[in-house]
């Protein structure tokens with residue numbers, strides 16, 4: 001019996017231990033399965049978080065779009081496109097006529113082969129040999145096709161060779177030895193045979209000649225008041241601020257503060273330039289205080305900008321807003337294209353015309369470009385001005401970077417001086433007439449102090465005394481003076497400036513009528529560019545004051561004589577017919593319009609042609625007889 005009891009107890013104990021183990025195992029398994037299920041449940045949450053991230057392909061596409069948009073300017077891309085388009089057209093025409101003797105196919109610019117550099121060389125030779133165009137054409141063709149082969153055809157590398165393993169041509173065709181040698185030969189021929197035309201700096205003496213011409217009866221007959229005031233303000237601002245062309249043409253009125261006063265009462269304008277060539281940070285702004293300069297009217301930016309602003313406000317019939325361009329584009333009719341900045345080519349055309357008619361370059365081998373004002377302004381302040389600036393001041397004012405190479409900058413400032421100096425072969429001779437600019441700081445102990453020097457010193461002392469007296473500002477300087485009321489020292493001639501006489505208000509003239517503004521009289525202005533149906537409806541019903549169109553077009557026939565808007569008559573008629581088509585024949589309903597002219601709401605040129613066709617079908621317009 002005792003043995004039986006021990007056996008039963010052992011058996012029960014074994015069952016109990018086994019049950020406990022099974023329960024623990026079941027609990028562990030359940031816990032483990034719970035962890036696995038929780039991990040599986042967490043995965044969808046992570047997938048949802050990463051699903052919003054862009055793919056690699058989309059990132060690469062974004063980078064490609066940014067590169068296409070911002071690597072090269074619109075002007076450069078347009079020029080490259082014209083070269084490639086013209087080259088392809090030429091190749092198709094010449095191969096179709098059999099002029100290339102089956103050596104080059106019409107798709108040589110699209111399918112990379114041994115024919116591609118041959119076609120490029122034939123195109124360049126046609127332009128430079130047959131049409132006798134300059135090296136600039138060869139340079140443009142090479143740059144445009146090099147860019148085209150890289151971006152469109154995938155030609156990478158600065159070489160051109162045949163890969164026998166994959167039987168393909170690799171590299172860029174512009175680096176083929178035959179084309180490369182021919183291109184270098186054209187460059188050498190250009191350098192050795194062409195007549196060099198030096199790009200000159202525009203100095204105050206040149207501006208004085210130009211300003212006097214613009215005020216002459218001949219210029220008044222040839223150029224409009226708008227063109228003359230525009231030109232004077234543009235060149236004096238460029239000369240004063242040393243702006244590059246794109247920095248000036250994009251300047252808006254929110255970037256300047258006019259008619260401010262210094263602590264001593266000197267009138268000045270404040271210009272703010274942000275995106276200079278060496279600065280891409282919009283938070284870094286360079287401010288330029290430009291005071292009135294009645295003693296040098298040919299470079300008096302203060303007066304000319306003020307006169308130009310008053311003229312534009314008189315034309316607009318309102319005060320200029322911050323987003324208005326200081327130098328908007330000028331139409332061929334001489335009217336202002338408000339809301340549209342001028343272009344480099346447009347101002348260069350006006351510059352060439354003024355320079356040519358003023359004879360400022362008579363007897364000189366050179367030309368003026370849009371960069372002449374920056375070079376001339378920098379050289380004038382560093383070399384010729386009464387109060388010369390240090391190199392540090394020149395670098396800051398011109399927007400050169402702080403790490404700009406000093407030697408490069410000095411060459412930029414001194415190149416014209418070295419090129420046009422009369423010579424120093426007798427500089428060691430005691431009987432040489434010494435010019436003030438031959439010495440390092442302009443010293444000449446043999447020249448006595450002149451009366452002009454004493455008067456200038458007196459003025460300087462008086463201005464400092466006025467500034468020291470609290471609450472007594474210096475007397476204001478008149479905002480406008482005439483060149484006849486001030487004696488001006490020619491740039492670089494070494495003659496001290498004489499003291500200016502008390503300015504006398506000049507008589508009323510086209511260039512000075514901003515002193516007493518006349519009342520605003522509505523005039524038919526240039527019609528802004530019309531791109532969409534909405535533009536046409538706006539111009540017709542309401543006008544566009546922000547673009548210079550103060551009077552709605554529907555009022556023109558009532559308020560003005562037809563002879564007053566002859567140059568805009570065609571555009572006016574086109575807009576009127578389109579608006580009538582929408583209002584009358586489409587009942588002013590955009591749904592009806594879209595059904596009748598699908599996809600043309602934002603394509604005004606196509607819409608205009610379609611409306612003209614509709615009017616012919618209705619018998620409201622007649623076809624023009626073709627000219628023979």
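Values as computed for the structure displayed
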quantity: Spin-label pair residue 133/residue 72, simplified geometry with 7 Å Cα→Cβ offset, distance in nm; calculated: 1.5
quantity: At R0 = 56 Å, FRET efficiency that the Cβ-Cβ distance of residue 65 and residue 218 yields, to 0.05; calculated: 0.60
quantity: Value of relative contact order over segment 533-617, rounded to a whole percent, pairs C-alpha under 8 Å and six or more apart; calculated: 27
quantity: Rounded Å value of the spacing that divides the Cα centres of segment 514-593 and segment 301-374; calculated: 26
quantity: Cβ-Cβ FRET estimate between residue 371 and residue 618, R0 fixed at 56 Å, reported to 0.05; calculated: 0.50
quantity: Residue order, fewest to most beta carbons within 10 Å, for 600, 202, 606; calculated: 606, 600, 202
quantity: Burial ordering of 611, 225, 570, fewest other beta-carbon atoms within 10 Å first; calculated: 570, 225, 611
quantity: Sorted by Cβ density within 10 Å, fewest first, the residues 92, 394; calculated: 92, 394
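We did not get these values from a lab; they are worked out from the coordinates using the rules stated. Predicted model only: the values in this text are computed from it and were never measured. Glycine also receives a Cβ, built like all others from the backbone with ideal geometry; neighbour counts cover every protein chain displayed.
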